Amino acid sequence: MKLIDRRMRLTELLLRCSISVFALLALILVVTDTEVKLIFTIKKTAKYTDMKAVVFLVVANGIAAVYSLLQSVRCVVGTMKGRVLFSKPLAWAFFSGDQAMAYLNVAAIAATAESGVIAREGEEDLQWMRVCNMYGKFCNQMAIGVSSALLASIAMVFVSCISAFSLFRLYGASRDRRTTPW
């Protein structure tokens, strides 16, 4: 059981560090993404603040990067001290935080993906034109940033599964398994 605990803690630490890296990378790619076009005599700048879904993605990734960094520090300290989480209220807090981060980032990815599809394909029924034809560099860098955020979200889902396992095994350890009928 100790070997499994060590591997779980190491996996959790690696996932949390990758979340921090991917979320920070997505944040940097999206925030620094701008492109200027000259339309007749008017300069039009495309930036991430033009789409509110992308602003939501930036905020969600910033929160996720900080949260995962703090949780990574907790994992490192716990590993160095050799402690396993035995407190149910603390396990519930970590589980709830991980769930909130995962749901927040999945929602941000979904909203940004929808905006990206509309920017790339347009919407003829509403007479919205394709924006990516004019701002190709902007759209390509935005797509890379959203892909990085998607990788962070996938890692968050796995971390949520690990924290759920850590929480719910606290409830199953006190029973004698030989006496249960199932």
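List of remarks:
- When the residues of the stretch 118-155 are filtered to those that are of a type in the set (Gly, Ala, Ser) and open to solvent by 20 Å² or more (accessible area, probe 1.4 Å), the one that is nearest to residue 49 (Cα to Cα) is 143.
- Taking the criterion of being aromatic (Phe, Trp, Tyr), assigned to a helix (DSSP H, G or I) and in contact with a strand residue (DSSP E or B) (Cβ under 9 Å, 6 or more places away or on another chain), the only residue of the stretch 110-158 that qualifies is 138.
- Selected residue (criterion: surrounded by the fewest Cβ atoms within 10 Å (Cβ to Cβ)) from residues of the stretch 46-100 that are over 17 Å from residue 169 (Cα atoms) and charged (D, E, K, R): 81
- Against the test of being in contact with a Leu (Cβ under 7 Å, 6 or more places away or on another chain) and without any contact (Cβ under 8 Å) to a residue 40 or more places away in the chain, the options 58, 117 yield a single qualifying residue, 58.
- Qualifying residue in the stretch 34-47 (condition: closer than 20 Å to residue 137 by Cβ, part of a helix (DSSP H, G or I) and free of Cβ contacts under 8 Å to residues at least 24 places away in the same chain): no
The values are calculated or read from the model by the stated rules, or taken from the named source; none is laboratory data. Just so it is clear, the model here is predicted, and its values are computed rather than measured. Note that we place each Cβ from the backbone using ideal geometry, even for glycine, and neighbour counts take in every protein chain shown. Ligands, DNA and RNA are stripped out before the accessible areas are found, and what is left, the full protein with its side chains, is counted by its heavy atoms. Shrake-Rupley method; radii C 1.70, N 1.55, O 1.52, S 1.80 Å.
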